[in-house]
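*Asks:* Here it is, the structure in full.
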Amino acid sequence: MLSRSVLARANINRACTRWASAIPSVDVDHFSSGWNIEDIKNYTKPGFYNVHTYNKISGKGLERFPKDTYVVEPAEDSSQPGHVIMLRSHKLKEEQVGTTTRAIARCGAGTNNIPVDRMTELGIPVFNTPGANANAVKELVLCGLLLGSRKIVDGINHMKELGAQGLARERVEKDKALFGGREIKGKTLAVVGLGHIGSSTARDAEMLGMNVVGYDPGLSIESALKLPTDIQLADSIASACSQADYISINIPYIKGEGGTHGIIGKDIIHHLKPDSVVLNFARGELVDSEAMKEHLDGGGKYVCDFPDDLLWDHENAILLPHLGASTEEAEDEAAAMAAETLREYSETGNIRNSVNFPTTALPARPENTLRITVVNKNVPGVLAKLTEEISKYSLNIVQQINQSRGTIAYNVLDLDPSINDGSTASLSALQKEITMLDGVLSSRILFGTPGAGYARNINGEYHV
């Protein structure tokens, strides 16, 4: 039987094949005879999408970009302007985002290394790969359960010391009493955050014989369906953790007021059982180190996948060098998902897995139409001005979608260029008029030449 991840990957591959094969091929003679677009040949020249990468990206993931339409290069080695950026942990700076950049994808879930708010202001979608590393992190959380229960690390270090002295065989049976532990079966695990990783952790912990209680105020239907049937859902972090032997933190790190910085602080930690084990494989900044030190001084334990300047040498703390997603499989999966997301956006304009743009999907472009996408500020009147501008060129809108998220709005429109009144239209002129509308940030013509047809309105100046 195929695993859920394999089936999910197969479904994504089939979906990508459908939207890629649905893109009509370009036949210049056909269009020049059937469309009254005077500059159509400017959009049917050979070309490429330029992908700039930072960090070492999985080769299996990069293979998702077809070589006949994509050029993939490390950003520092490329002499061509980048159309999309793909990265892992590189801390992206605004000056590395050129005027031709239309999308950014991180091979991973968190996007703290990308200036997302600024990219939103510029009209650039930022994508991530939710769930791609979920299994890898989940497995390390389960490992953390055992590390926090059985003094495994202490035992390993002791055996090395005895081995160096030539006393290992002599002392092993006597000294093992120094490293007693407890079993996790029958114990209670509190899972704070029930997304991809949290729900998977809860399910597997139950299979190991643990009692599971969970907390997530934003629990999605998708994640709820993955939870064990006997899980107890709490109404607060404190109530979830108060009777737990183990606490797994699986929530995103959000800066600023109302965010999650230091959310596991004194108020929560004072509710914990004195000998409870806290597992943090989400973000180090979620935990107040001073409050955690008090818990460790009292006999509690902390297993964390991030550095901590205060707790690094505490006898009850085990700190790992951010190994959560450091598996070959997770890196392959994240890179493949990021590549597919960038391809879909570049070629069809559809958006999924974006952290700052609305999810948007318009059916495949009908034959003998061209597609235009428009990014604008989410203010009243822009859509009306947009459709009015298109009507001035006697172009019919075959299908369209308008979605918004926060301060940004996004439009995808399929146009029929068969003008019946005898006039002709210029795509470049239409795009300039659309792009320079008040409130519009950028536009794309998704037709013909890969990588062409992108324009931006930067402080009232037209860039194409």
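The values are calculated or read from the model by the stated rules, or taken from the named source; none is laboratory data. The shown structure was predicted, so the numbers you read here are calculated from the model rather than taken from an experiment. Because the Cβ atoms are built from the backbone with ideal geometry, glycine has one as well, and the counts that use them run over all protein chains shown. Side chains are part of the model used for accessible areas, which takes the heavy atoms of the whole protein and leaves out ligands, DNA and RNA. Shrake-Rupley method; radii C 1.70, N 1.55, O 1.52, S 1.80 Å.
*Asks:* Checking the condition under 20 Å from Gly47 (Cα atoms) and polar (S, T, N, Q), which residue from Thr387, Thr348, Thr359 passes?
*Replies:* Testing whether each residue is under 20 Å from Gly47 (Cα atoms) and polar (S, T, N, Q) leaves just Thr348.
*Asks:* Just to be sure before I move on: is Leu441 in a loop (DSSP other than H, G, I, E, B), at pLDDT 90 or above and either open to solvent by less than 20 Å² (accessible area, probe 1.4 Å) or not acidic (Asp, Glu) (or both) in the structure I sent?
*Replies:* Considered against the rule, which asks whether it is in a loop (DSSP other than H, G, I, E, B), at pLDDT 90 or above and either open to solvent by less than 20 Å² (accessible area, probe 1.4 Å) or not acidic (Asp, Glu) (or both), Leu441 comes out as no.
*Asks:* What about Thr449, is it open to solvent by 10 Å² or more (accessible area, probe 1.4 Å) and out of contact with any strand residue (DSSP E or B) (no Cβ under 7 Å at 6 or more places or on another chain)?
*Replies:* Answer is yes for this residue.
*Asks:* Return the residues of segment 319-342 that are in contact with a strand residue (DSSP E or B) (Cβ under 9 Å, 6 or more places away or on another chain) and open to solvent by less than 40 Å² (accessible area, probe 1.4 Å); say none if nothing qualifies.
*Replies:* Across segment 319-342, the qualifying residues are Leu320, Ala334, Ala335, Met337, Ala338, Ala339, Thr341, Leu342.
*Asks:* Within segment 345-392, can you find the residues that are within 20 Å of Thr407 (Cβ to Cβ) and part of a helix (DSSP H, G or I)?
*Replies:* Tyr345, Val382, Leu383, Ala384, Lys385, Leu386
*Asks:* Check Val398 against each of (1) of a type in the set (A, V, I, L, M); (2) closer than 16 Å to Arg444 by Cα; (3) assigned to a strand (DSSP E or B) and name the one condition it does not meet.
*Replies:* The single condition Val398 does not satisfy is (2).
*Asks:* Filter segment 99-134 down to the residues that are assigned to a loop (DSSP other than H, G, I, E, B), over 27 Å from Leu323 (Cβ atoms) and open to solvent by 20 Å² or more (accessible area, probe 1.4 Å) and list them by number.
*Replies:* Within segment 99-134, Thr99, Thr100 qualify.
*Asks:* Please list, ordered by first then second residue, the pairs with beta carbon atoms under 6 Å, 6 or more apart or interchain, first in segment 203-219 and at positive phi, second charged (D, E, K, R).
*Replies:* From residues that are at positive phi, the pairs are Gly209/Lys185.
*Asks:* If I go through segment 227-250 residue by residue, how many of them are of a type outside the set (Gly, Ala, Ser) and crowded, with 18+ Cβ neighbours inside 10 Å?
*Replies:* Here the count works out to 9.
*Asks:* Follow-up. Given the options Glu139, Glu161, Glu173, name the one that is open to solvent by 40 Å² or more (accessible area, probe 1.4 Å), closer than 24 Å to Gly218 by Cα and not hydrophobic (A, V, I, L, M, F, W, C).
*Replies:* Answer to the check: Glu139.
*Asks:* A follow-up question, please. Condition first: part of a loop (DSSP other than H, G, I, E, B) and touching a Leu at 6+ places or on another chain (Cβ under 7 Å). Now tell me which residues in segment 312-325 satisfy that.
*Replies:* Trp312, His314, Asn316, Leu323, Gly324
*Asks:* Taking the conditions exactly as written (in contact with a Ser or Thr (Cβ under 8 Å, 6 or more places away or on another chain), open to solvent by 10 Å² or more (accessible area, probe 1.4 Å) and farther than 28 Å from Ser199 by Cβ), does Leu272 satisfy them or not?
*Replies:* Criteria not met by Leu272.
*Asks:* Looking at (1) crowded, with 19+ Cβ neighbours inside 10 Å; (2) assigned to a helix (DSSP H, G or I), which one does Val213 not meet, given that it meets all the others?
*Replies:* Result: Val213 passes all but (2).
*Asks:* Checking the structure you have, find out if any residue of segment 393-404 is buried (at least 18 other Cβ atoms within 10 Å of the Cβ), closer than 22 Å to Ala103 by Cβ and in contact (Cβ under 8 Å) with a residue 40 or more places away in the chain.
*Replies:* No, that holds for no residue.
*Asks:* A further question on this structure: So which residues in segment 252-267 are open to solvent by less than 30 Å² (accessible area, probe 1.4 Å), over 19 Å from Gly144 (Cα atoms) and in contact with a strand residue (DSSP E or B) (Cβ under 9 Å, 6 or more places away or on another chain)?
*Replies:* Matches in segment 252-267: Gly262, Gly265.
*Asks:* Which pairs have Cβ atoms under 8 Å, sit 6 or more apart or on different chains, and link a residue in segment 354-379 that is farther than 30 Å from Asp117 by Cβ to one that is open to solvent by 40 Å² or more (accessible area, probe 1.4 Å) and in a loop (DSSP other than H, G, I, E, B)?
*Replies:* Ala364/Ile23; Arg365/Ile23; Asn368/Ser418
*Asks:* Also, I was wondering about something else. Test each condition in (1) out of contact with any strand residue (DSSP E or B) (no Cβ under 7 Å at 6 or more places or on another chain); (2) over 16 Å from Asn135 (Cβ atoms) for Gly214 and report the one that comes out false.
*Replies:* (1)
*Asks:* What about Val116, is it out of contact with any helix residue (DSSP H, G or I) (no Cβ under 9 Å at 6 or more places or on another chain), under 28 Å from Tyr54 (Cβ atoms) and touching a residue at least 40 places away in the same chain (Cβ under 8 Å)?
*Replies:* When the stated conditions are applied, Val116 passes them.
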